[in-house]
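Just so it is clear, none of the values below were taken in a lab; they were calculated from the coordinates. If you're wondering where the values come from, they're calculated on a predicted model, not measured in any experiment. Positions of Cβ are generated from backbone atoms using ideal geometry, with glycine treated the same way; all protein chains shown enter the neighbour counts.
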Amino acid sequence: MKILHTADIHLREYCDDRWNTLQKLIEIGKKEKIEIFALSGDLFDKDIDAQSLTLKIRAIFSNTGFKIVIIPGNHDSDSYKTNIYFGDDAIILTDLNNPFENEDVRIWGMPFEPIGGEKILDKLYSLANHLGTDKKNILLYHGELLDAFFSRRDFGDEGGERYMPVKISYFADLKIDYVLAGHFHSNFDVWRLKSGGYFVYPGSPISITRRETGQRKLNIFKVGEPPKEYFLDTPHFEEVAIELDPFKDEKPIETVERQLNNLHPEAKSILIIKGFIDGETIGMNDKELVERIKKIAAGRCVDERYEFRDIRAILQDDLFKRFWGKLERIGLKEQKKKQLCDAAIKAFMGAKS
């Protein structure tokens, strides 16, 4: 059996980028001949979005050739309380003790609730006597894994509170083969369970905020095998960080254009340019260079940060020239030479100011 696992699409409107991403995931499911499409929470950004998109969801969730199993997340936890109907192939798990069974798998749903600690453990261990070995046990879960070194930024715009936190140790004595999780937006990530199973975050399939950088992924795997990342051609943000070095034979305009041209077609860049330039060598000052780069970046960047300086006056200083000559003669490794040079440039800038 083949399963597609995703989460955190945060649908808002019909036919926007997020909606088109969901449609693309459905098409991938058909192409990959999956049998289960597991959606581990936050299909919708807000509860009202579930109401407004119900008929459209029902249409694309019908006649897919696979079952679509959904749990509520923290953003859409109230969306399913009215027995919302997304078609005969959509199964919404709102009760942990009422699993969905299909061939050789049993799928349990642990929808988001504002609980923690002992209450979560009580819920998990209520399953202990029901996790038979006749089928593979899969748990859909939406919340935080405390074992992971996450920043609050990795969960989208969630603020500072905890969201149904668990630890890997919570699953130690449970016969669970896969915990298919949602809520962590940033990356695809996998942990092993003591039982030999897997805890998996797929990351969001489309960048929801600018903090989710890099090409997005799904988890597509065959039951009994490890989770497997599947790269997506969906809208995402990409950080392009360039450090200009006046001592290298480089042309800043060409460097920026080359890096932007190498981006994925669906990427929007966060362009960060640091370092130093020799305005005399390149024939323009820092203001003129920024203006040239802005023309190149138009339409391809969602954010631009220009943090470089024109240091032609320092490079022409006799004292600095003698310092640079000594560095060249000593024959240091490039990294060490750059560190010393950067320190000298900052010292000169401080002295001149």
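Separation of the alpha carbons by more than 31 angstrom is noted, of LYS251/LYS321; LYS81/LYS194; LYS56/LYS295; LYS31/LYS81; LYS217/LYS336; LYS136/LYS217, for LYS81/LYS194; LYS56/LYS295; LYS31/LYS81; LYS217/LYS336. Using the Cβ of LYS336 as centre and a radius below 15 Å, the other residues enclosed give a net charge of +1, where K and R count +1 and D and E count -1.
The Cβ shell under 10 Å around ASP177 holds other residues with a net charge of +4, Lys and Arg each +1, Asp and Glu each -1. May I ask for the angle, rounded to the nearest 10°, between helix 334-352 and the longest principal axis of the chain, with both axes built from Cα atoms and the value confined to 0 to 90°? Taking Cα atoms only, the helix is inclined about 70 degrees. LEU124 sits among other residues whose Cβ lies under 13 Å from its own Cβ, and their net charge, with Lys and Arg +1 and Asp and Glu -1, is 0.
For segment 2-231, give me the percentage of DSSP beta bridges that are antiparallel, rounded to the nearest 5 percent. Bridges in segment 2-231 that DSSP calls antiparallel: roughly 35 percent. For segment 30-74, the set of trypsin sites (Lys or Arg not before Pro) satisfying both a DSSP loop assignment and a count of at most 14 other C-beta atoms within 10 Å is given as LYS33. Using the Karplus relation 6.51 cos²θ - 1.76 cosθ + 1.60 with θ = phi - 60°, the per-residue 3J(HN,Hα) values for segment 4-16 come to 9, 10, 8, 5, 6, 7, 6, 4, 10, 9, 6, 6, 8 Hz, with x marking Gly and Pro. By DSSP, the beta bridges lying fully in segment 2-102 are antiparallel in about 0 percent of cases.
What is the list of residues in segment 196-212 whose amide nitrogen lies under 17 Å from a point 7 angstrom out from the Cα of VAL190, following Cα to Cβ? Answer for segment 196-212: 196-204.
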